[in-house]
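Heads up: the structure comes next, in structure tokens.
The values are calculated or read from the model by the stated rules, or taken from the named source; none is laboratory data. Computed from a prediction, not measured in an experiment: that's the story for all the values here. Note that each Cβ is placed from the backbone with ideal geometry, even for glycine, and that neighbours are counted across all protein chains shown.
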Amino acid sequence: MSNKPINISSNASSLIARSYVVHPQLTRQSKSSARSADSCLDEAIGLAAAIQLEVVGAEILTIGRIDAARYIGKGQAERIGTELQAFGDVDLVVLDTSLTPVQQRNLEQIWHTKVIDRTGLILEIFGARARSREGRTQVELAALSYQRSRLVRSWTHLERQRGGFGFLGGPGESQLEIDRRLIDGRMSKLKRALQKIRKTRKTHRKARKRIPYEIVALVGYTNSGKSTLFNTLTDSEVTAQNLLFATLDPTHRALKLPSGRQVVLSDTVGFISELPTELVAAFRATLEEVTEADILLHVRDIAHPDTEAQRQDVLQVLDSIQESDADPPLEVLNKIDLLSSDHREAIQNNVRRNDRCVALSARNGEGCDTLKLFLDELLADIRARHELKIELGNGAALAWLYQNGQVLERFDDQEFAHISVALDSRDYQRFTQRFSEAIN
């Protein structure tokens, strides 16, 4: 066991429940995991803080094996129960793992308080943060899928305890008392609504392709600095906080690159280790934005001690939603301003040897111009180069090429503009159909 001191916010009066966080670490897991137990506990505390839980205590609990009845050993559960009494009124215990309904119920009986596992906690955060109709629909579907196995019999022993907080609610609330048939009916309705959303998104994507601007999507582990980078690049004011899952609903803005080309920059939801399967399934409509992007920027918090493990978690999610032949994302090593001089120099040396990697600080803007230039180069590679000879009097055709392509070279004689322009195949087809008479 390892106890962790907790710094309680001075704004504790605004917090909605007193909680105790436990990260159970399997002995064999501690030897093979890329993450330290302390880092996992810090993340669990951060998840609790994301929905304004007042964390009064936290600990790492080493266990030799998973107990089918309680996940942790009976003696460990009783010892934690004694500690909870010492803390006074603890409303909630967060167990940073996935629990079965039976394990959850048994721990609640021992501790006489509500217990929530990692999946439930992440669902709480998403429920509290989702703002758009689409986001709330996706979260509700994920929550109902999670709740389906945790219906009446699992919760009746808590009927006399306080109501729940946040989106999932708590014992005594009608949503947890409805039967499986009603939940299935609601889930079917939500799935139909999401199907409509997917069709709408597909229409929007087609409209964007007709504009046409390439899509550059920011992906990465939660709290890696995606929204800060988004704001810095586009001069926007999207919510960017030092908080897990500060962004849930995707946001799009135009970004002008040094060549004059415009792209659409998309800020997406952050990933996390052990992302609940219910969320991956429900958020597929949002994640399709990632699969449709022309370029993926994988934003990494390079100053985080578990940056490599976070990288693997993100790539694992991307592998599950992308085609097998998809190009790997461009890596953006963020927060270099937080590195020591030696570590920073080592990162910069690695970047110089890697043609798909950029180091920067989204907070102070260092390296952001390099990223824009790099995007220009990548997009130039995506587009084919066409040599065109356009009559100087055909201003409409010339203007179209400047607006929709990247003019690489141009020289004019007395009659014609000789233009070397980068266009993707779709735009070249559009140009030839619209200005067939202009091509010589």
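Here are the numbers:
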quantity: Residue in region 62-73 that is surrounded by the most Cβ atoms within 10 Å (Cβ to Cβ), counting only those that are touching a Ser or Thr at 6+ places or on another chain (Cβ under 8 Å) and not in a loop (DSSP other than H, G, I, E, B); calculated: Tyr71
quantity: Filter pass, Glu366 being in contact (Cβ under 8 Å) with a residue 24 or more places away in the chain, assigned to a loop (DSSP other than H, G, I, E, B) and over 17 Å from Tyr221 (Cβ atoms); calculated: yes
quantity: Total residues in region 102-136, condition at pLDDT 90 or above, among the polar types (S, T, N, Q) and assigned to a helix (DSSP H, G or I); calculated: 4
quantity: Where a residue in region 428-440 is under 10 Å from Ile390 (Cα atoms) and its partner, wherever it lies, is not in a helix (DSSP H, G or I), with Cβ under 6 Å and at least six apart; calculated: Ala438/Ile390; Ala438/Asn394; Asn440/Lys389
quantity: From Leu84, Leu99, residue being assigned to a helix (DSSP H, G or I) and either among the polar types (S, T, N, Q) or in the same structural domain as Ile45 (by TED's automatic domain parsing) (or both); calculated: Leu84
quantity: In region 97-149, residue surrounded by the fewest Cβ atoms within 10 Å (Cβ to Cβ) [restricted to those that are β-branched (Val, Ile, Thr) and touching a strand residue (DSSP E or B) at 6+ places or on another chain (Cβ under 7 Å)]; calculated: Thr113
quantity: Index of the failed condition, Arg150 passing every other in (1) out of contact with any Pro (no Cβ under 9 Å at 6 or more places or on another chain); (2) part of a loop (DSSP other than H, G, I, E, B); calculated: (1)
quantity: Residue within region 392-412 that is closer than 16 Å to Glu214 by Cβ and basic (Lys, Arg) present; calculated: no
quantity: Test result for Val299, over 28 Å from Leu408 (Cβ atoms), at pLDDT below 80 and buried (at least 21 other Cβ atoms within 10 Å of the Cβ); calculated: no
quantity: Residue identified as closer than 26 Å to Ala37 by Cα and assigned by TED's automatic domain parsing to the domain that holds Leu255 among Ser340, Ser361, Ser320; calculated: Ser340
quantity: Inter-residue pairs, beta-carbon under 6 Å, first without any contact (Cβ under 8 Å) to a residue 40 or more places away in the chain and in region 325-341, second buried (at least 21 other Cβ atoms within 10 Å of the Cβ) and not in a helix (DSSP H, G or I), 6+ apart; calculated: Glu331/His298; Leu333/Arg300; Leu333/Ile302; Leu333/Ala359; Ile336/Ala359; Ile336/Ser361; Asp337/Ser361
quantity: Condition check for Gln29: surrounded by 14 or more Cβ atoms within 10 Å (Cβ to Cβ), at pLDDT below 80, part of a helix (DSSP H, G or I) and of a type outside the set (Phe, Trp, Tyr); calculated: yes
